[in-house]
Structure formats: structure tokens, C-alpha cells
Amino acid sequence: MKQRKNKMIKYLPAEEIKNKLTQIVQHLDFNHVDLARLATFRSTGSKSRAIARCYALSKIWQSALNTKAHYIIEVISEKFDKLPEEDKEKVLIHELLHIPKTFGGGFRQHDFVCNRNVEVLHRKLKQHQKV
């Protein structure tokens, strides 16, 4: 019988991703994003097709833990790290777009979080970086 090796997903805090997100939030005036309640992680070992993911602490968990909403942005190292810098920026913009203006624990769906909106915001980011 063939043995399968279970590769565990590992999560490490990713301060450099938080720094990039902070710059994006500031340059694009995403004032609704509370950076104190946004955590960032880099994972390894995932079999997911995703490049990055956004998680939220839902209303029920907020009630149970008696806390406000928090969000996590995870980048999947095997996919994210090999992207060109501009594509990394677009991925991070995409994940930030999932966070609604209320910062309440919900998500914006892909009718809003789409390539068109990501491209518009990325152009704005590039213009700001040139200044």
C-alpha cells in the first residue's frame, strides 16, 4: 500500500505584506480599513488554486468573543511569491476590495471585486507612486 505524506499548511505572520497593504490603503484612501484590525499571513503547503485569501471574523464570532470585526489577508507563498511586483500589488488590491466600507465582518463579492476595478485602482496606485 502506498503511503501518503500529509503536508501540513503552515501559517507565518507576514509583516512585509502588512507594510505593502498599509501603503496601498494610504495611497488609495481606503480609510475604512482599520489596519490595527487587519492581520497578514504567508502560508506554505496549501493545495489551493488561490494566490491569496481574505478572511473575516463574522458577526456571530464577534458576539461570542465580545470584539469588533477583524480581517486576515493570507498570501499563499508558492503562488504569490513568484509573481512580478505589479501582480502582487493587484492581488493585494483584490483582497482589500473584499473588505466592505462598514468593516463589519462581511465581504464584498466578485460582482464588485473584479479585474476592472482592480485595474482602475492599480493605475491610481502607480500614479501616486510616481509622485
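Matching residues to (1) in contact with a Cys (Cβ under 6 Å, 6 or more places away or on another chain); (2) assigned to a strand (DSSP E or B); (3) more than 20 Å from H27 (Cα to Cα); (4) modelled with pLDDT under 95:
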| position | (1), (2), (3), (4) |
| --- | --- |
| I60 | no, no, yes, no |
| A64 | no, no, yes, no |
| K68 | no, no, yes, no |
| E74 | no, yes, yes, no |
| L83 | no, no, yes, no |
| E86 | no, no, no, no |
| E89 | no, no, no, no |
| E95 | yes, no, no, no |
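Quick one: would you say L97 is surrounded by 12 or more Cβ atoms within 10 Å (Cβ to Cβ), closer than 19 Å to Y11 by Cβ and touching a helix residue (DSSP H, G or I) at 6+ places or on another chain (Cβ under 8 Å)? Steps first, answer last, please.
Details: surrounded by 12 or more Cβ atoms within 10 Å (Cβ to Cβ): yes; closer than 19 Å to Y11 by Cβ: no; touching a helix residue (DSSP H, G or I) at 6+ places or on another chain (Cβ under 8 Å): yes.
Criteria not met by L97.
For segment 82-124, how many residues are in contact (Cβ under 8 Å) with a residue 24 or more places away in the chain and under 23 Å from R42 (Cα atoms)? It would help to see each step written out before you state the result.
From segment 82-124, those in contact (Cβ under 8 Å) with a residue 24 or more places away in the chain are 83, 86, 88-107, 118-119, 121-122, 124; that's our starting set.
Keeping just the survivors that are under 23 Å from R42 (Cα atoms) gives 83, 86, 88-100, 103, 105-107, 118, 122.
Qualifying residue count, segment 82-124: 21.
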Run L57 past the list (1) hydrophobic (A, V, I, L, M, F, W, C); (2) within 19 Å of Q109 (Cα to Cα); (3) in contact with an Asp or Glu (Cβ under 8 Å, 6 or more places away or on another chain) and report the number of the one that doesn't hold.
-> (3)
Which condition number in (1) closer than 30 Å to K130 by Cα; (2) surrounded by 13 or more Cβ atoms within 10 Å (Cβ to Cβ) is the one that P13 fails?
-> (2)
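Out of the residues in segment 106-131 that are charged (D, E, K, R) and outside any loop (DSSP other than H, G, I, E, B), which is surrounded by the fewest Cβ atoms within 10 Å (Cβ to Cβ)? Spell out how you get there, then give the answer.
Applying the first criterion (charged (D, E, K, R)) to segment 106-131 yields 108, 111, 116, 119, 123-124, 126, 130.
Subset that is outside any loop (DSSP other than H, G, I, E, B): 116, 119, 123-124, 126, 130.
Values: R116: 8, E119: 12, R123: 10, K124: 14, K126: 12, K130: 6.
Looking at residues that are charged (D, E, K, R) and outside any loop (DSSP other than H, G, I, E, B), I get K130.
The values are calculated or read from the model by the stated rules, or taken from the named source; none is laboratory data. Bear in mind that the values here come from a model prediction, so they are computed numbers and not experimental data. All Cβ positions, even for glycine, are placed from backbone atoms using ideal geometry, and neighbour counts span all protein chains on display.
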